[in-house]
1. Per q in 0.11, 0.12 Å⁻¹, report the Debye log10 I(q)/I(0) for the chain, using one uniform scatterer on each alpha carbon and no solvent.
2. Starting from the amide H of Met364, placed 1.01 Å from N in the peptide plane, find each other amide H under 5 Å away whose residue is 5 or more places distant or on another chain.
3. So how do 41-53, 429-441 stack up, highest first, on mean other-Cβ count within 10 Å?
4. Among the aspartates and glutamates, which have Cα under 19 Å from the Cα of Lys413 when same-chain residues fewer than 8 positions away are ignored?
5. Using DSSP H assignments, which helices in the chain have an axial alpha-carbon span of 27 Å or above and a mean Kyte-Doolittle hydropathy of -0.5 or higher?
6. For Arg324 and Phe69 in one chain, what is 0.36 nm times their gap in residues minus the Cα-Cα distance, to one decimal in nm?
7. Relative to the present Cα-Cα distance, how much length would full extension add between Ala105 and Ser216 at 0.36 nm per residue of separation?
8. Ordering Leu29, Leu87 by accessible area with a probe of 1.4 Å, largest first, what comes out?
Amino acid sequence: MTGVSSFRSTFSRAARGALAGVLAAFTALSVAELVAGLVRPAAGPVTVVGGAVIDRTPPAVKDFAIRTFGEDDKTVLQLGILALLTLIALGLGILALSRRRVGAAGVLLFGIVGSAAALGRPDSTGMGDALPSIAGALAGALALYVLASKATATSVDGDGDGQAGAEGWNRRGFLAAAGVTAVTAASAGALGRYFAGRQGQGAVASRSSLVLPAPSSPAPALPAGVQLKVADISPFTTPNADFYRVDTALSVPKVDAATWRLRIHGTGVTRPRTYTLAQLLARPLVERDITLTCVSNEVGGPYIGTARWLGVRLADLLREAGVRPPSQGGKADQLVARSVDGMTLGSPVEDVMDGRDAILAVGMNGEPLPFDHGFPVRMLVPGLYGYVSACKWITDIELTTFDRYDPYWVKRKWARKAPIKTQARIDTPKPFARPAAGPVTIAGVAWAQHRGITRVEIRVDDGPWQDADLAPQAGIDTWRQWSYPWKATSGGHTITVRATDGTGAVQTEQRTRTIPDGASGWHSVFVTVP
Ligand SMILES: Nc1nc2c(c(=O)[nH]1)N[C@H]1C(S)=C(S)[C@@H](COP(=O)(O)O)O[C@H]1N2
Ligand SMILES: [Mo]
């Protein structure tokens, strides 16, 4: 045997092992997704392992991921998991050529990892959640065992192409087995997706048949002019399709409105209650324009939006349950909202009950909440960042204290309390734009929810602060548009903006990171006027 042909046969042997490994991994995942599709789609291995990774990711890394990949962060995570899995599968496949049992056992190990992740999810519904990972691992181990034996089996009567003599393996037998495995796995995966889709159909139907009642307290009419006639400014009302989305859910919960329940219980609740959606909808509904902001929003960042929300006043429900705010002697100072996927968010009871429009929202811009934004019901508390107030897919409200319980983000080093910081953002011109010399409209939005915006100032380079023109204020819970007519002169210019809130406080220049309680500092944009 020449050196080249021995290299070739070693290479082709390794390639066979690698192919066996990848096909085994593919089989494992596909069978797991099939079983998950039948049992519970959220218990699929990619979802549960991804969820476990998200929960264990250090805050700084998570913040980096949100900043770098934005709303694609989850796709990047899933691709990362698949890439790692593929590498391990290649290795296991090559190993299995000489140690078939060890290779198969390696695949089973992943079943254990997947099962542990599934059972450890906060929304785990019991031992059944381990089934997808176990079934997938068994199928994958079997596939690897069979493929590895085919990959190394010597052909007795030759494989018919006259090459068997040199390499001593049954090419046709291996390729046939590989083909059957690939087709079987692909079919299992497709079936799994089909079943998973069907499981969500009840929820989809419950959403499309939901008719939202008219509010007993409609939103105050928007003053004429809240929307400035400036191209490229953020629209005052953010369309649902453009509304930012931030959550830890790898598969968006599809909750069936017919079986949804909300329980209110805990410290100081003298009349615990469980509501159906129909019961909530039978109550007086308020409609309000509220601007929601994420604590992970950097200065100048995109994680903010305004919608017209429809919902039930939360304070009324709490009072009916017997809850009193701490200022009136209530023992609970923290309200912990829990979602169907096990997320927990804690808000100050005092804020929820101080008269502001804290609501359990059912409608967003005239339609039932989109699934991405919490269907059927989510919480909103004007003035507080989303992570301490805006629980989506809410199902449980527990009254407790800040001393006694740390919710999800607080366990990860974010602040217990987080009112939204006063911020202004320049929407136009964009960073590094090249506007022509002459009149240029600088414009954007400013927000300080539940305090309101009273002033916005612009500074060009090191010049004096100049008042921007403010659009009328829709209310203290929404952002406010502003514009400034600039006479652009040629050269490079830094445009800076700062806002003043309804308490008279001027937005601080002090730059802070988003962790632990929101970014501060002024937004600047550099432009070149040719
Ligand atoms: N169930 C659940 N609710 C959640 C979250 C989450 O991860 N899970 N994220 C919160 C955060 S950090 C924010 S900023 C808002 C974002 O709401 P949106 O996605 O509708 O814009 O939802 C909040 N509610
Ligand atoms: Mo957030």
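The values are calculated or read from the model by the stated rules, or taken from the named source; none is laboratory data. Note that the coordinates shown come from a computational prediction; the quantities given were computed from them, not determined experimentally. Counting neighbours? That spans all protein chains shown, and the Cβs are built from the backbone with ideal geometry, glycine included. To get the accessible areas, we keep the full protein, side chains included, count just its heavy atoms, and leave off ligands, DNA and RNA. Shrake-Rupley method; radii C 1.70, N 1.55, O 1.52, S 1.80 Å.
1. -0.99, -1.09
2. Leu310, Leu369
3. On the way: 41-53: 23.0, 429-441: 13.8.
My ranking of the peptides, most packed first, is 41-53, 429-441.
4. Asp55, Asp63, Asp247, Glu298, Asp403, Asp517
5. Working: long enough: 3-38 (52 Å, 1.01); 73-98 (39 Å, 1.80); 100-120 (31 Å, 1.36); 131-152 (32 Å, 1.38); 171-199 (42 Å, 0.37).
Taking the DSSP H segments of the chain (at least 27 Å long, mean hydropathy at least -0.5), we get 3-38, 73-98, 100-120, 131-152, 171-199.
6. Details: separation 255, 0.36 × 255 = 91.80 nm, distance 4.25 nm.
Answer, rounded to one decimal: 87.5 nm.
7. Numbers: separation 111, 0.36 × 111 = 39.96 nm, distance 6.30 nm.
Fully extending the segment from Ala105 to Ser216 adds 33.7 nm.
8. On the way: Leu29 40, Leu87 115 Å².
The most accessible residue leads, giving Leu87, Leu29.
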